[in-house]
């Protein structure tokens, strides 16, 4: 049987040394770290007790220089394929270095140790006050304080707060601290994949591995490759993602209320506009390809990260009636639409006004129809194929319009969409399309002079949400008529948008009671408009619940269609 790897043993201290001298490629520690501190604590506890903590998987690199550079630079002899989070945890604690969290904020990992019973904890304010604990093991493991001095100072401090400390107890404490120090010599089993393996095989091995219960994705592997072959490019992606989460009042930034991008998502955009490819697997070849291909990728990434392009695309989402990240149900659709926007702008020079409206329709259609939900990469590849014959701006716009019309047929509007609305799923694409349509139609909140678009503004932050989903047939009222199952009570067609104060006052009143009361606030013309916007059947307050749901779904589908036609009517 052919073996693609060899098994070797490394001490923890040797691994840390090899990372420091560049032999083992641990990506920059200042990158998003996803392990919880409690998991780091468990890792140290297991190592202290001598338990196995899983093997590490490295890949021997055959390359000599980073892509896109004229000067040969040393790259790691071994790339970490599996075990990056474990090694990042260990490196951060042993070196006393902070890590970057998923929120892109820097924080230290402080692990505490109680020598009396060899207990590890995540350091807290209470632990800092507990003199039985060493609040941070990093100074000992990093070598910042010598072992003997570290133990002596801890015991002297403990003596001041304990009434008595016997020689036997002192010996036990010293032994526990010595054993903690010996974690540096913990032996790891490492499987080293051969340098002769190509990226595709290593990628497949990577994807099949299950690390600490988290299935590794191809994107993780690609970003690992990017750290080695184009670290500057990965740093650019991560800086952009970080800035997109931080409000800025002084200078231009990618911050917004729609998209909190991840590096792999933006990398997908770069490959889409640079090479008209949708599958991430193509990125592997690009990262280790010719300098000409690299230059193309570099230019595409710069275009994708251009702040002017980014914010122009965000205006597209607003134009489509979508107001915030909460209304986005498909991240892949979002980024594929960004690719189409950039292609239309760069490759076909579509005029800004026409491009914004075209991509707004494209986004609305893709979001509503869930067109990219099944096999998104296959669908996007097919879209790229359709663009091969397109020569100019008019052809680009016409191609997208044809796909839109082929997707949103009469059968879709009259049959598919009402059926899609027969759901109690909170995050339904069709329901968010209904919200978007209300924005496009400049609708007001039910029983309010405020507009839907105003109260869906994500910048509004209060203890109570400015707007709430109101059960048109309240829960307790339905319970009284023996309708209690959640999937029946929480049907999408039973929800309308109201201000939270009105929702609070209506409480459990049936529509036959509250609707006439609240309608007195408005003229008949105003109430008729509200009935239209909020898809309320005539005399709905007197209807039985099942009949109401059936009729309201049809009217909601019509509102969505009217909103979309409002979008389509703009040239």
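With respect to the chain, whose longest principal axis is taken over its alpha-carbon atoms, helix 84-95 is tilted by about 50°.
Angle of helix 199-208 to the longest C-alpha principal axis of the chain, folded into 0 to 90 degrees and rounded to 10: 80°.
Here the contact order of the chain, divided by its residue count and restricted to Cα pairs under 8 Å and six or more residues apart, works out to 11 percent.
Most exposed first by the Cβ proxy, i.e. fewest other Cβ within 10 Å, how do 500, 230, 35, 59 rank?
Lowest count first: 500, 35, 230, 59.
Put in order of Cβ neighbour count within 10 Å, fewest first, the listed residues 520, 6 become 520, 6. Here the peptides 555-562, 525-532 are ranked by packing, the mean other Cβ count within 10 Å, and the order with the highest first is 555-562, 525-532. Over the residues of the chain, the helix contribution to mean residue ellipticity at 222 nm works out to -15500 deg cm²/dmol, using -39500 (n - 2.57) for each DSSP H run of at least 4. Ranked by the mean number of other Cβ atoms within 10 Å per residue, highest first, peptides 534-543, 233-242 order as 233-242, 534-543. Against the chain, whose longest principal axis is taken from its Cα atoms, helix 263-275 shows a tilt of about 70°. Here the residues 269, 8, ranked from fewest to most Cβ neighbours within 10 Å of their Cβ, fall in the order 8, 269.
Where a number appears in this text, it was derived from the coordinates with a stated rule and is not lab data. Bear in mind that the values here come from a model prediction, so they are computed numbers and not experimental data. As a convention, Cβ positions derive from the backbone with ideal geometry for all residues, glycine included, and neighbour counts pool all protein chains shown.
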